[in-house]
1. Within segment 341-428, which helices (runs of 4 or more DSSP H) (wholly inside it) include 2 or more residues that are among the β-branched types (V, I, T) and crowded, with 17+ Cβ neighbours inside 10 Å?
2. For segment 108-127, which residues satisfy the criterion of being in contact (Cβ under 8 Å) with a residue 40 or more places away in the chain and either among the charged types (D, E, K, R) or touching a Pro at 6+ places or on another chain (Cβ under 9 Å) (or both)?
3. Go through segment 332-352 and give me each residue that's polar (S, T, N, Q) and modelled with pLDDT of 95 or more.
4. Can you name the helices (runs of 4 or more DSSP H) wholly within segment 170-276 that have at least 3 residues being free of Cβ contacts under 8 Å to residues at least 24 places away in the same chain and surrounded by fewer than 23 Cβ atoms within 10 Å (Cβ to Cβ)?
5. Checking the conditions here, which among S327, S344 is under 22 Å from the mean Cα position of the chain (by Cα) and of a type in the set (S, T, N, Q)?
Amino acid sequence: MNFFDMHLRIGYKKSTMDTLPRHRPMNPIPVEVSGKHYICLQDPLRLTEKTAYLPMPVYFIYALLDGEHSLTDIQAAYMRQFGELIFTDKMRQIIEALDENLLLDSPRFREHMDRTAREFRSLKVRPASHAGVSYEMDTEKLLAQLKTFFTGPGGPGLPREINGSGRVVAAIAPHYDIRGGGGPFFALVYKALAEECATDLFIILGTAHTQTRNLFVLTALDFETPLGTVKTDAELLRKLQEVMGKDLREDELNHRTEHSVEFQVLFLQFALGGKRDFTILPVLCGSFHEMEQMGRAPEEVPEFGMFIDALKQAVEATGRRPCYIASADLSHVGVRFGDGPLSSAFLQKVEAQDRDILNYAARKDTAALFQWLCENGDRYRVCGFPCIYTLVSALNEGEGELLRYGQQQDPGGESVVSFASMIFRRSE
């Protein structure tokens, strides 16, 4: 059986694997090549440049490498699934090949990750990771592309003025593919920020799409895009770390390829058009899964409560009034995410659930938000929930206004991602 008949062709290297490594978090995508079915493993951290296409039998083994199944367990499961025996030597060959390609959480992988993390942390500027992929690399083409989101179909028009009333204090914006339907939703938010938000400090609460050891992940690096470089507020970060008494950059490598902050920086640069100097505090928010499982509100978890208090203290010490931006998509449903075919009735139910989240957020009702999480769990895969909850918890003023809600189908119509544009205004 040809297990690695595409990108995983490597030589056989026998090793003694007394302790089976675990698979590491990857994005599995079913694909069909020349009539054969594979699972394509995409690395969200992009720590390997190789693309792995695993035949279904190999992916079956890969999925069982969870640190709990022995070789014998996997062989027995393989026999039940495929009706044939896979010999121990062949198993070891497969595991070694997976490890060689950095697909397992092994000493080899951790050494590679630590080296990459040190290199990333030594930089002064975080390079744009999605330029030329999710948006134009060329500056002039990028400016034209972004302008279209404001002036084209569904767009709100270009900002009429910069440094307006100062009433907008926070926003919820998508981090969905800019070109795939998210563009006008970004534009709605950033027109409002340009016209009604006079601050020079934006605290961007991004969604961490990769596993983190800590709830909150910060970086000291400035952010570079084809439109220039935006400074990360070093003084605010220093004050925040002083109050917290810990290194909030421990998981900094997660920022390297994460798009949820990068997209917001890009639209800030365009909307403000170089007419206002500003700094950012980039924060990635990790999963609330354990809190939901335990039924513990975030405020009852020391790490969350300490961070919110420290953030408020650090901001107050600067004497500035920041604008908070939650970079948050909502539900992810359909075949791509493990659901069955979508129906209009089901999508209406998804919308109702999404609007509940947005309504609670608009009222800054954290109790209702957490109650929603406990009742619904991860049923609709609302990836932006942690940063929405964090924004609401950190915000001292303002009432939310929903500008637009939308559901975007993939080209095949089998899956949907939902998102919204919302701003928070302080009273007159």
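The values are calculated or read from the model by the stated rules, or taken from the named source; none is laboratory data. This is a predicted model, so every value here is computed, not measured. Don't worry about glycine lacking a Cβ; one is built from the backbone with ideal geometry, like all the others, and counts go over all protein chains shown.
1. Values: elements: 344-362, 366-376, 385-394.
Of the helices (runs of 4 or more DSSP H) lying wholly inside segment 341-428, those with at least 2 residues that are among the β-branched types (V, I, T) and crowded, with 17+ Cβ neighbours inside 10 Å span 344-362, 385-394.
2. Step one: filter segment 108-127 for residues in contact (Cβ under 8 Å) with a residue 40 or more places away in the chain, giving 109, 112-113, 116-117, 120-121, 123-127.
Answer for segment 108-127, where residues must be in contact (Cβ under 8 Å) with a residue 40 or more places away in the chain and either among the charged types (D, E, K, R) or touching a Pro at 6+ places or on another chain (Cβ under 9 Å) (or both): F109, R121, K124, R126.
3. Filtering segment 332-352 for residues polar (S, T, N, Q) gives 343-344, 348.
The one that is polar (S, T, N, Q) and modelled with pLDDT of 95 or more: Q348.
4. On the way: elements: 183-196, 234-244, 259-272.
Output list reads 234-244.
5. On the way: S344 fails: under 22 Å from the mean Cα position of the chain (by Cα).
Checking each option against the conditions leaves just S327.
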